[in-house]
Amino acid sequence: MAEMTKAKMAEFLEPVNDIISRYEKKERYLIPVLQEAQGEYGYLPEEVLKEIAVGLNLSLSQVYGVVTFYSQFHQQPRGNNIIRVCMGTACHVRGGDAVMDAIQDELGIDAGETTDDLEFTLESVACIGACGLAPVIMVNDDTHGRLTPEKIPGILAKYQ
């Protein structure tokens, strides 16, 4: 993080310290603490991970090992809207690649990235489970199916 005064850093870390205080200092509570911290901050900044390590009497490498192993945890800020593009077999065969290309062109980002304004995060997923609607994307909890690249600008406009 940019240079922060000690007072600002303490204020920034107050929510994670409140979370940690509700748990015993044991490794088995690492995942619930990480989940709550990510819910609070939207992602897991390095300073928060360090505080969790200290608070649970773990090494920073233990904390990083869990954070990097599970795809549910994110170390970078994520967009207000998460776009998941299905790349499963049915979606791939029916034009999922072209849909992904259209979204990347529209937003100016690649899969795995977030727009500079933190409005959108783009993810490629193996399957959404809506094969009959292929190709499919999800924006947050909304499923959009039977897509063509031409439909992408209109869909994204609904979320801006």
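The values are calculated or read from the model by the stated rules, or taken from the named source; none is laboratory data. The shown structure was predicted, so the numbers you read here are calculated from the model rather than taken from an experiment. Every residue, glycine as well, gets a Cβ built from its backbone with ideal geometry; the counts of neighbours run over all protein chains shown.
Give the residue, chosen from Ile155, Ile103, Ile52, that is among the β-branched types (Val, Ile, Thr), in a helix (DSSP H, G or I) and more than 30 Å from Leu34 (Cβ to Cβ).
Within the list Ile155, Ile103, Ile52, the selection yields Ile155.
If you go through the range 116-152 one residue at a time, how many are of a type in the set (Asp, Glu), over 14 Å from Asp97 (Cα atoms) and not in a loop (DSSP other than H, G, I, E, B)?
The qualifying residues number 1.
Within the range 91-107, is there a residue that is over 19 Å from Lys151 (Cβ atoms), surrounded by 15 or more Cβ atoms within 10 Å (Cβ to Cβ) and among the acidic types (Asp, Glu)?
There is no residue in the range 91-107 that is over 19 Å from Lys151 (Cβ atoms), surrounded by 15 or more Cβ atoms within 10 Å (Cβ to Cβ) and among the acidic types (Asp, Glu).
When the range 21-33 is examined, which residues are found to be surrounded by fewer than 11 Cβ atoms within 10 Å (Cβ to Cβ), among the charged types (D, E, K, R) and more than 17 Å from Phe73 (Cα to Cα)?
So the first thing to find is which residues in the range 21-33 are surrounded by fewer than 11 Cβ atoms within 10 Å (Cβ to Cβ), and the list is 21-22, 24, 26, 28.
Imposing the further condition that a residue be among the charged types (D, E, K, R) reduces the set to 22, 24, 26, 28.
If the condition is that a residue be surrounded by fewer than 11 Cβ atoms within 10 Å (Cβ to Cβ), among the charged types (D, E, K, R) and more than 17 Å from Phe73 (Cα to Cα), then Arg22, Glu24, Lys26 are the ones that fit.
Please work out which one of (1) under 20 Å from the mean Cα position of the chain (by Cα); (2) surrounded by fewer than 17 Cβ atoms within 10 Å (Cβ to Cβ) is the condition Phe120 fails and give its number.
(2) is the only condition that Phe120 fails.
What are the pairs, 6+ residues apart or on separate chains, where a residue within the range 94-115 that is on the phi < 0 side of the Ramachandran plot has its Cβ under 8 Å from a residue that is basic (Lys, Arg) and not in a helix (DSSP H, G or I)?
Thr114/Arg78
Restricting attention to the range 1-20, and to residues there that are touching a helix residue (DSSP H, G or I) at 6+ places or on another chain (Cβ under 8 Å) and surrounded by fewer than 14 Cβ atoms within 10 Å (Cβ to Cβ), which single residue is nearest to Pro77 (Cα to Cα)?
Met1
Restricting the range 55-72 to residues that are assigned to a loop (DSSP other than H, G, I, E, B) and over 18 Å from Leu13 (Cβ atoms), which is modelled with the lowest pLDDT?
Ser71
Those residues that are closer than 13 Å to Leu107 by Cα and hydroxyl-bearing (Ser, Thr, Tyr), I need them from the range 118-160; list them, please.
Thr121, Tyr159
Do the conditions hold for Gly55, that is, is it surrounded by 12 or more Cβ atoms within 10 Å (Cβ to Cβ) and either under 26 Å from Lys158 (Cβ atoms) or touching a Leu at 6+ places or on another chain (Cβ under 7 Å) (or both)?
no
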